[in-house]
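Colleague: Got a structure here, written out as structure tokens. Questions coming.
The values are calculated or read from the model by the stated rules, or taken from the named source; none is laboratory data. Owing to the predicted nature of the structure, the values given are computational and were not obtained by experimental measurement. Ideal geometry is used to build each Cβ from the backbone, glycine not excepted, and the neighbour counts take in all protein chains shown.
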Amino acid sequence: MDRCWYHGNITRSRAEDLLSKVGKDGSFLVRASESVSSAYALCVLFHNCVYTYRILPNKENKLIVQASEGVPVQYFNNLDELTEFYKKENMGLVWHLKYPVQHEEEEAVDEPEDDADLVPTPPVLPPRTFLTEFTASETKEVSPTYKNAKPVEISKLTLSETLLQRLEYQDTSSISEEHLKLLQDYLRVHITSDLETVQMGSSNLPQLKKLLSGLCKGVYSEVSRTLPSLESMQKVFEQQLPPGIHQRSQVINSGSGKMKTRWNDGTKQANEHRKEVKSDSLGISPKSQLKVDVEMGKLIIKKAKDGPEDKFYTHKKILQLVKSQKFPNKLVIVLETEKEKTQRKEYVFADSKKREGFCQLLQQMKNKHSEQPEPDMITIFIGTWNMGATPPPKKISSWFLSKGQGKTRDDTADYIPHDIYVIGTQEDPLGEKEWLEILRQSLQAITSISFKVIANHTLWNIRIVVLAKPEHENRISHICTNNVKTGIANTLGNKGAVGVSFMFNGTSFWFVNSHLTSGSEKKQRRNQNYMSILRFLTLGDKKLSPFNITHRFTHLFWLGDLNYRLELSPMEAENIIQKIKQQQYTELLSSDQLLMERKEQKVKFLSFSPSSCEEITFAPTYRFERHTRENYVYTKQKATGMKYNLPSWCDRVLWKSYPLVHVVCQSYGCTSDIMTSDHSPVFATFEVAVTSQFVSKNDSKYTDTPGQIEFLHCYATLKTKSQTQFYIEFHSSCLESFVKSQEGENEEGNEGELVVRFPETLPKLTPIISDPEYLLDQHILISIKSSDSDESYGEGCIALQIGAKESLVPIHAVLTHHGEKTGTFQGEIKLQTSQGKQREKLYGKEMTLSPPPSPPAQSTHTVIAYLFRTSSWCGWGLVLPNSPAPRPGILSILLPSTGHLPAIDKTKLPGLTKTAILGLKKKKGPQMLYTNINPHTFTPRNCSGFFLFFPSIPISPFLQPSPADVVSPGFTHMSLSDIPASLYSWPSYSSWRQTSHSHTQTPLV
């Protein structure tokens, strides 16, 4: 039967659009469910509203339509039978099925690449003759050479007969009669049922699962017979001995969930903590005692509470803590053993709070004894290059040094290595090992560092490689790789994407390298490629499956040959080239397909940066004449006529991060000296914020106070014609598990919109840690879901940082689903945290400042003073360049009430070429945080104080004649007497006034 109404994996919103176009009551289609992999969704139009019914398979592989409790259940053998039944009136649907909506015609297959003769094909693999039906005219048998295969006629056989015949040729003498009968029954009868399931778009094979269960029955019984013996042994050794001498420590018993305190009769309190856990490395789960001695820097593992030490590990031997994403109470500790080998030990705690408490203790111990603090900022290099099926030149260092056109890296930072390098290639002709060796040798020549391989994944000739500094190897965990094919019929890998995700300490990253459909006229196909990659590139935490890729990770980077072209006539080719020579890029980028589609919200790179044409300051990277960067080749004669490829920015790097998370693009451009391909390599470098294991700075009496996250007066505006009820799911790493709200009430909105108002008070969320410094770095993911199908109608992200004040704060989040904007979520949030110290200044958040220390008593040092006041800022700073010890010699304080430095009038600072920010980090002393920044747009980060200075000009333009009044150009006049006395307590105010006029060309940094 022709299933014209079956649409496979189209999105819910696309299904609504197709039904609305028909516009008749009883219009219907069937699609794959978005919430259950083996289920379907029957969508019916009635009174211009779409009603969705979920179709579920039962254990016998019969199909049922999910209905309200008490409604009789109907069983169907297949979808054809189901749809025929509901074409009758009054069968329980809102309206009977009447007008099947035809599935969309497939767009013409991708044309070969312009240089298809150069593109290597994937390696030849042995044939797989898995056919549903063999006929004499269709069947081909491949000879052992695989090259000159000739058709060989065979008799017509069904799939079942063919596989049974193959089984007969196998040696089955060692298979029991029972198992052989199971195999024969499956191949003879049940495989047909599985085949129908696959043809309907499902990946579930229920009959095959039954077969495997039957074959493994003996294994299960053997395990069942053996397991009681092991459990009896476990109980024998698990019994506790009588307690010995009590020690002063804090004991957290994960079995009972109670915290006990033991005291020693000694006079000195030992900083030790114990946790009782289950060791899960063998799956037997014996209980163990983990004791953290913070003062001595040791982790002690004991088999019994009061028994002797089994093993202990110093802080240097504890390499990594890996928190399970699937089980919130499981922890993997990676330990260094003898001869630099590593060992993974798994432990199961009573709940996630106890696991988090133990991780805090371990991190506190490492912080106390380690010489290398955990980073809170790293830099990342991202490169993308369509190699044009040609090996690279011998030297590609300019790519990794960000040299060429566009926003390039400062010369002084040339040989400062990045923390992570991500390299994506398309049409890559090299083998994985060969390309990897080239990359590592090139980086070692530049940085003298042998980088560690984190991931290396290839789909045909699309490849992504991730390299990291050796010191970060044990900070990276949960590495996942995957790929999606979007080539011909979405089955070939000549087009598609490869992706990598991982955790860097507590921060999640996602990188995808894609090669989208080529051709100037194929932009809609490219948009479809993008949505397919979003839907089917499964990476990251599986608990976040209700959310697509753009919401699962803190930082996302999308790179590759996206193939978006200039939307201009071929007659404009020469005019385009002239504008490129004149560097009139902004005018050309106004016709860039990607930016145009984003502006019209037709392609859904909506939340990615760069978002405007002003941010691209390099020439189009395609299509060059090979071995030169002087000439663009925009025509090619083909059998079908003249083919035009106008110069275009095909190769891009896009990025996106959670709201209010620090990410700064430091360079974005392309090389000028790598010319083996018709594409130029593109580079981009970033400074991004990362988090490590949180350690509270407050007393336990504060941190033990429970916190709460409260959402009030919330409503969602959805772009949908569905008639259903909606609820909210809240997800976050700071929650024990996701939280589900009550259903909201629907109201009519603007045309094509539905307003869902949720109960006045939604469920209060209880975080696992209530410390304000921890909570204000967290994010809450929300998903608006249908009560009928549990499918998501929109997802969004809310930064808890906006609720820093314990009062109601308005929230507004854009909702998206599968890359499409589907609505907005609005309301108010109230964040209740534990009491304690005020939050430090981190990534633009509020900070608490202490009075500055006194400067050195000597007055002979050259002092550079900087003082200003605007409506939003006031502050002062000084530098003692001649001070031998930088810690007491550099100081700066700013008191901001906005996120940006005030504008600086460059016209009053002639000769200004470089600026820098010197920052005073708490407990770490001053550090050079930023160089070569734009003072007009710069946002200070990660510091308790800042000092802005200009190395290229003398200090005298900063100062006014009056020694008591120090003013920077462009700022409102401010007297020293205006500064609160609490901000400085200097013994010699006059000595500072006297030295403030000394000149220096370049302050010491």
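Colleague: Determine, yes or no, whether F509 is under 25 Å from V332 (Cα atoms) and buried (at least 20 other Cβ atoms within 10 Å of the Cβ).
Modeller: Judged against the criteria, F509 is a match.
Colleague: Residues being farther than 23 Å from P417 by Cβ and not β-branched (V, I, T): count how many of those fall in the range 465-500.
Modeller: 15
Colleague: Further, regarding this structure: What residue, of F758, F726, is hydrophobic (A, V, I, L, M, F, W, C), touching a Cys at 6+ places or on another chain (Cβ under 6 Å), buried (at least 21 other Cβ atoms within 10 Å of the Cβ) and over 28 Å from F327 (Cβ atoms)?
Modeller: Testing whether each residue is hydrophobic (A, V, I, L, M, F, W, C), touching a Cys at 6+ places or on another chain (Cβ under 6 Å), buried (at least 21 other Cβ atoms within 10 Å of the Cβ) and over 28 Å from F327 (Cβ atoms) leaves just F758.
Colleague: Under 6 Å by Cβ, and 6 or more places apart or on different chains, what pairs join a residue from the range 650-672 that is within 11 Å of H555 (Cα to Cα) with one that is among the β-branched types (V, I, T) and assigned to a strand (DSSP E or B)?
Modeller: What qualifies is S657/V663; V663/V688.
Colleague: Of the residues that sit in the range 360-370 and are surrounded by fewer than 19 Cβ atoms within 10 Å (Cβ to Cβ) and touching a residue at least 60 places away in the same chain (Cβ under 8 Å), which one is farthest from L735 (Cα to Cα)?
Modeller: For the range 360-370, the residue satisfying everything is H369.
Colleague: Within the range 430-455, can you find the residues that are under 18 Å from F504 (Cβ atoms) and in contact with a helix residue (DSSP H, G or I) (Cβ under 9 Å, 6 or more places away or on another chain)?
Modeller: I449, F451, K452, V453, I454, listed by residue number.
Colleague: Go through (1) closer than 21 Å to T197 by Cβ; (2) in contact with a His (Cβ under 6 Å, 6 or more places away or on another chain); (3) free of Cβ contacts under 8 Å to residues at least 24 places away in the same chain one by one and return the number of the condition L63 breaks.
Modeller: Of the numbered conditions (1) closer than 21 Å to T197 by Cβ; (2) in contact with a His (Cβ under 6 Å, 6 or more places away or on another chain); (3) free of Cβ contacts under 8 Å to residues at least 24 places away in the same chain, the odd one out for L63 is (2).
Colleague: Out of the residues in the range 371-388 that are surrounded by fewer than 19 Cβ atoms within 10 Å (Cβ to Cβ) and either in contact with a Leu (Cβ under 8 Å, 6 or more places away or on another chain) or of a type in the set (V, I, T) (or both), which is nearest to A455 (Cα to Cα)?
Modeller: Residue satisfying both the conditions and the ranking: T379.
Colleague: Is it the case, given these coordinates, that H472 is modelled with pLDDT of 95 or more and assigned to a helix (DSSP H, G or I)?
Modeller: Yes.
Colleague: For the range 475-499, what are the residues that are assigned to a strand (DSSP E or B), closer than 24 Å to F400 by Cα and not polar (S, T, N, Q)?
Modeller: Once the filter is applied, which keeps residues that are assigned to a strand (DSSP E or B), closer than 24 Å to F400 by Cα and not polar (S, T, N, Q), the range 475-499 yields I476, I479, A497, V498, G499.
Colleague: Ok, one more. Scan the range 362-401 for residues that are within 23 Å of L430 (Cα to Cα) and either within 24 Å of the chain's Cα centre (by Cα) or in a strand (DSSP E or B) (or both) and jot them down.
Modeller: Matches in the range 362-401: F381, I382, G383, T384, W385, N386, F400.
Colleague: Show me the helices (runs of 4 or more DSSP H) found entirely inside the range 136-211 where at least 2 residues are at pLDDT 60 or above and more than 30 Å from G8 (Cβ to Cβ).
Modeller: Counting at least 2 such residues, we get 159-169, 177-185.
Colleague: Out of E743, E795, which single residue is of a type in the set (D, E, K, R) and surrounded by fewer than 20 Cβ atoms within 10 Å (Cβ to Cβ)?
Modeller: Selected residue: E743, the only one of E743, E795 that is of a type in the set (D, E, K, R) and surrounded by fewer than 20 Cβ atoms within 10 Å (Cβ to Cβ).
Colleague: Now, a different point. Please go through the range 561-592 and give me each residue that is farther than 16 Å from T635 by Cα, in contact (Cβ under 8 Å) with a residue 60 or more places away in the chain and either in a helix (DSSP H, G or I) or touching a Pro at 6+ places or on another chain (Cβ under 7 Å) (or both), ordered by number.
Modeller: I580, L589
Colleague: Right, another one. Going residue by residue through the range 649-671, is there one that turns out to be touching a strand residue (DSSP E or B) at 6+ places or on another chain (Cβ under 8 Å), in a strand (DSSP E or B) and acidic (D, E)?
Modeller: Checking the range 649-671: at least one residue is touching a strand residue (DSSP E or B) at 6+ places or on another chain (Cβ under 8 Å), in a strand (DSSP E or B) and acidic (D, E).
Colleague: Among the residues that make up the range 626-635, is at least one of them assigned to a loop (DSSP other than H, G, I, E, B), farther than 17 Å from Y668 by Cβ and touching a Lys or Arg at 6+ places or on another chain (Cβ under 6 Å)?
Modeller: yes
Colleague: Name the single residue that is surrounded by the fewest Cβ atoms within 10 Å (Cβ to Cβ) among those in the range 527-582 being acidic (D, E) and over 11 Å from the mean Cα position of the chain (by Cα).
Modeller: Taking the candidates together, the pick is E574.
Colleague: Still on this structure, please answer the following. May I ask you to list the residues in the range 421-441 that are free of Cβ contacts under 8 Å to residues at least 60 places away in the same chain and surrounded by 13 or more Cβ atoms within 10 Å (Cβ to Cβ)?
Modeller: Matches in the range 421-441: Y421, I423, D428, L430, E432, W435, L436, I438, L439, R440.
Colleague: Only residues that are modelled with pLDDT of 70 or more, assigned to a loop (DSSP other than H, G, I, E, B) and surrounded by fewer than 21 Cβ atoms within 10 Å (Cβ to Cβ): list them for the range 593-605, please.
Modeller: E600, Q601
Colleague: What's the number of the only condition in (1) surrounded by fewer than 19 Cβ atoms within 10 Å (Cβ to Cβ); (2) in contact (Cβ under 8 Å) with a residue 24 or more places away in the chain; (3) basic (K, R) that R355 fails to meet?
Modeller: (1)
Colleague: Let me ask something else. Checking the conditions here, which among F547, F557, F502 is touching a residue at least 12 places away in the same chain (Cβ under 8 Å), among the aromatic types (F, W, Y) and not in a strand (DSSP E or B)?
Modeller: Result: F547 is the single residue among F547, F557, F502 that is touching a residue at least 12 places away in the same chain (Cβ under 8 Å), among the aromatic types (F, W, Y) and not in a strand (DSSP E or B).
Colleague: Something else: Looking at the range 34-56 only, could you name the residues that are over 14 Å from W95 (Cα atoms), surrounded by fewer than 20 Cβ atoms within 10 Å (Cβ to Cβ) and out of contact with any Leu (no Cβ under 6 Å at 6 or more places or on another chain)?
Modeller: Correct list: S35, V36, S37, S38, L56.
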